[in-house]
Amino acid sequence: MEVLTLSAHELYERFRRKDLSPVEVAEVYLKRIEEVEGRVGAYLTVDPEGALRQAREAEQRWRKGDGAPLTGVPLAIKDNICTKGLRTTCASRILYNFVPPYDATVIKRLKEQGAVILGKTNMDEFAMGSSTENSSFQLTKNPWGVERTPGGSSGGSAAAVAARECVAALGSDTGGSIRQPAAFCGVVGMKPTYGRVSRYGLVAFASSLDQIGPITRDVEDCALLLEAISGHDPCDSTSAPMPKEDFRACLGEGIEGLRLGVPQEFFIEGMDPEVEASIWEAIRVLEGLGARVEEISLPHTDYAVATYYIICTAEASSNLARYDGVKYGLREGEGDLREMYLETRSRGFGPEVKRRIMLGTYVLSAGYYDAYYRKASQVRTLIREDFDGTFDRCEVIVTPTSPTPAFGLGEKVHDPLQMYLSDIFTISVNLAGVPALSIPCGFSGDGLPIGLQLIGKPFDEATLLRVAHAFQQETDYHLRSPENLTQGGP
Ligand code: GLN
């Protein structure tokens, strides 16, 4: 099973030397999916024919000596990213039969490189949730403990990477949906700066917060994938006109003299003591590598969750108005137009999505707009200014990704407020628009992974990757993987 242990950059070397062929590798992954999906449930759609076709094309490219870094690398894609001809459901009944007529820009870029798309991964419906339990179709289990959630909303993508059902994956992050599942599943996940990656073809949840990003086994692969998907796109007016960057170039440069900020507000009561201990241990490792640690303050952190749940619900209520049974997906109701709208939306959306549409419509309604939406937008500015204010004192901010390791399936799903609080450390990053990544930094006594969050200056993903890489060189957390998924375990 050696093939399954290779990361994307290692596969590249094998393909280049012709030690391995993309078809062989795709076949190994399709078999692996067959063997472990019953226990993990990461995929909503697996596309063996499409994957093998892309693998054969990749093989041709390598034969002609025309391989790119991702040519022939098998990937999984979150099911809210449009893939031409391949069902894209957002894990919602309302899009159960939606087959996009076009590729998202990120998919187009991956296909240009010759990547192999194995399938589409489970998620919380429309990316609303932190455990993937809000999927209308199935549960995904954490490969490190199948009675635990994989986190969410990109839980399928993170679980697929951890369970070696793909080499790497794409997720989307509106308030933590790449980083928190990456932390829960013991893999690397990055939310790029807002505007770094095109959102064209990402089904919108909260447009001012959403960003697509990589979920990978190691930092090199994270850099590789970010390089492939980033860059200006005229199809997305919020995509930034930044030049393409070589994110791998600075890996290995070391972090001597780099200033790390540790925000006092992030070390709160109620944080799991094992998480806290691992984070401090990680900070000591970084200090040992020559970084200087400073205590900093992000004083508006306390308001982040409340602000987020006003802004994201407001944007969601407007974005999700398009699902009315007319243009795509589910259509229900026998009577007039109003009844069709009513029936389609009543039966198509799950309870969390309905809750958010109602909250969002309320905060935008006449008479409440100023009290809620306008106020939240103002607090958002304060949160952004908190970050701006610290970046003259440090290059990177270090925090836990999540206050606890993976929680149990069913543990929080009936208590939305508890669920919302599990993103307490990730949400302010989206409000501020800055980049952040989560990297494995330890294990709990129960053997569950713990994630370290690194937050950077706008468009300074390179420094985040450099710090994460230095940390990875000193530790072996990223090399461990869950055992026994094919038999009785883990
Ligand atoms: N868990 C948060 C929410 O439910 C964040 C989700 C996300 O990043 N897509 O909104």
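Please treat every number below as a calculation from the coordinates, not as lab data. Predicted model only: the values in this text are computed from it and were never measured. Positions of Cβ are backbone-derived with ideal geometry, glycine not excepted, and every protein chain shown enters the neighbour counts.
Some values worked out for this structure:
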| item | result |
| --- | --- |
| Listed peptides 48-61, 397-410 by packing density, highest first (mean Cβ within 10 Å) | 397-410, 48-61 |
| Two-decimal ratio, region 401-490, of alpha-carbon radius of gyration to 2.2 N^0.38 Å | 1.29 |
| Charge tally in the Cβ shell below 11 Å around residue 445, where Lys, Arg are +1 and Asp, Glu are -1, residue 445 excluded | -3 |
| For 448, 170, 342, 110, order by how many other beta-carbon atoms lie within 10 Å, fewest first | 342, 448, 110, 170 |
| Cα centroid separation - region 100-122 against region 319-386, whole Å | 28 Å |
| Summed side-chain charge close to residue 350 - residues other than residue 350 whose Cβ falls under 13 Å, Lys, Arg +1, Asp, Glu -1 | +2 |
| Sequence of 178, 279, 268, 117 once ranked by neighbouring C-beta atoms within 10 Å, starting from the fewest | 268, 117, 279, 178 |
| Rg/Rg_ref, region 265-349, where Rg_ref = 2.2 N^0.38 Å and atoms are Cα | 1.99 |
| Largest to smallest principal axis extent of the C-alpha atoms in region 67-140, angstrom | 39, 25, 16 |
| Sorted peptide list for 298-311, 72-85, 382-395, criterion being average Cβ within 10 angstrom, highest first | 72-85, 298-311, 382-395 |
| For region 322-363, convex hull of alpha carbons as volume per residue, Å³ | 67 Å³ |
| Square roots of 5 times each gyration tensor eigenvalue, C-alpha, region 197-259, largest first, Å | 26, 13, 12 |
| Charge tally in the Cβ shell below 10 Å around residue 212, where Lys, Arg are +1 and Asp, Glu are -1, residue 212 excluded | +2 |
| Two-site FRET efficiency, residue 60 against residue 289, from Cβ-Cβ distance with R₀ of 45 Å, rounded to 0.05 | 0.55 |
| Whichever lysines have a C-alpha closer than 27 Å to that of residue 141, once near sequence neighbours (fewer than 8 apart) are set aside | 31, 78, 120, 191, 354, 412 |
| Mean-position separation - Cα centroids, region 412-486 and region 155-182, in angstrom | 11 Å |
| Convex hull volume of region 307-392 per residue (C-alpha atoms, cubic angstrom) | 106 Å³ |
| Ellipsoid equivalent to the chain - semi-axes via the Cα gyration tensor, in Å | 31, 29, 21 |
| Debye-sum result for region 327-465 in log10 I(q)/I(0), which assumes one identical scatterer on each alpha carbon, at q = 0.12, 0.13, 0.22 Å⁻¹ | -0.76, -0.86, -1.26 |
| Shape metrics for region 408-452, restricted to C-alpha atoms - Rg then Dmax, Å | 13.2, 34 |
| Euclidean distance between Cα centres, region 238-255 to region 31-95, Å | 26 Å |
| Phi to ³J(HN,Hα) by Karplus 6.51 cos²θ - 1.76 cosθ + 1.60 over region 175-186, Hz, x for Gly, Pro | x, x, 5, 9, 6, 5, x, 4, 5, 5, 9, x |
| Helix-derived mean residue ellipticity, 222 nm - over the chain, DSSP H n ≥ 4, -39500 (n - 2.57), to 500 | -11500 deg cm²/dmol |
| Point-charge dipole on Cβ atoms (K/R +1, D/E -1) for the chain, about Cα centre, debye to 20 | 1400 debye |
| Antiparallel %, DSSP beta bridges [both residues in the chain], to 5 | 65 percent |
